[in-house]
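Following: one structure in structure tokens, then a few remarks.
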Amino acid sequence: MDFFKLAALRQSVRQFKSQAPTRNEILQILEAGRLAPSAVNYQPWQIVVADAPNLRQQLWEAYPRDWFKAAPVVLVICGNHNEAWKRGVDKKDHCDIDAAILTDHLSLMAASIGIGSCWVCNFNPEKVREALQLPEHLEPMVLLPLGYPASPLDVGEKRRKPLEDIVFHNGLSRFY
């Protein structure tokens, strides 16, 4: 698939059919995540596949939205701060950045095979930590619900800032 088409196809899906993605589809999505780059190639992440109803219920309690409850599968992206690269000068932990790159790979792959997803970061991390019994060094960073979209994915117009508002040249002079 053309990358620009794929980038336009990826969207936040908040209405899912009840049918879950197949194991093979989930494995394809996970493999795309496995291939994601990370700072110094440390790969400081773990992904929990939550498809059991009781676990999805607990995750819903961390993010109580009706649409989220309808997702048949939730990937929980966790950052491992013990394994993350820290910049030498100021010790900046790149775990968040690496988890974001991973999540982008997961969501793009999902879109490429017709699976909808939506980044969820507005959740109660302690409830997720408790539900998954996560150790202290693992931080739940993103909940990524997956499912077949109720409406087909669409390469529609995305509301984005124009390039001239976000791209600069050799400092803060306009590139365009």
- Message: So, ASP104, is that one acidic (Asp, Glu), open to solvent by 60 Å² or more (accessible area, probe 1.4 Å) and part of a loop (DSSP other than H, G, I, E, B) or not?
- Response: no
- Message: Quick check on my filter: what residues within the range 62-91 are open to solvent by 30 Å² or more (accessible area, probe 1.4 Å) and within 18 Å of GLN15 (Cα to Cα)?
- Response: PRO64, ARG65, ASP66, TRP67, LYS69, ALA70
- Over the range 23-57, the set of residues out of contact with any Pro (no Cβ under 8 Å at 6 or more places or on another chain), closer than 16 Å to VAL74 by Cβ and not in a helix (DSSP H, G or I) is TRP45, GLN46, ILE47, VAL48, VAL49, ALA50, ALA52
- Message: Restricting to the range 126-161, name every residue that is out of contact with any strand residue (DSSP E or B) (no Cβ under 7 Å at 6 or more places or on another chain) and open to solvent by less than 80 Å² (accessible area, probe 1.4 Å).
- Response: ALA131, PRO135, SER151, VAL155, GLY156, LYS158
- Task: Find all pairs meeting these conditions: Cβ atoms under 8 angstrom apart; at least six residues apart or on different chains; first residue within the range 76-96 and under 18 Å from VAL48 (Cα atoms) and at pLDDT 95 or above; second residue charged (D, E, K, R) and open to solvent by 80 Å² or more (accessible area, probe 1.4 Å).
- Result: GLY79/ASP96
- Test result for GLU164, open to solvent by less than 90 Å² (accessible area, probe 1.4 Å), within 18 Å of the chain's Cα centre (by Cα) and either more than 21 Å from GLN46 (Cα to Cα) or not hydrophobic (A, V, I, L, M, F, W, C) (or both): no
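The values are calculated or read from the model by the stated rules, or taken from the named source; none is laboratory data. Bear in mind the structure is a predicted one, so any value in this text is a computation, not a measurement. In this analysis, Cβ positions are derived from the backbone assuming ideal geometry, glycine residues included, and neighbour counts consider all displayed protein chains. Each accessible area value is taken on the protein alone, full model and side chains, heavy atoms only, with ligands, DNA and RNA left out. Shrake-Rupley method; radii C 1.70, N 1.55, O 1.52, S 1.80 Å.
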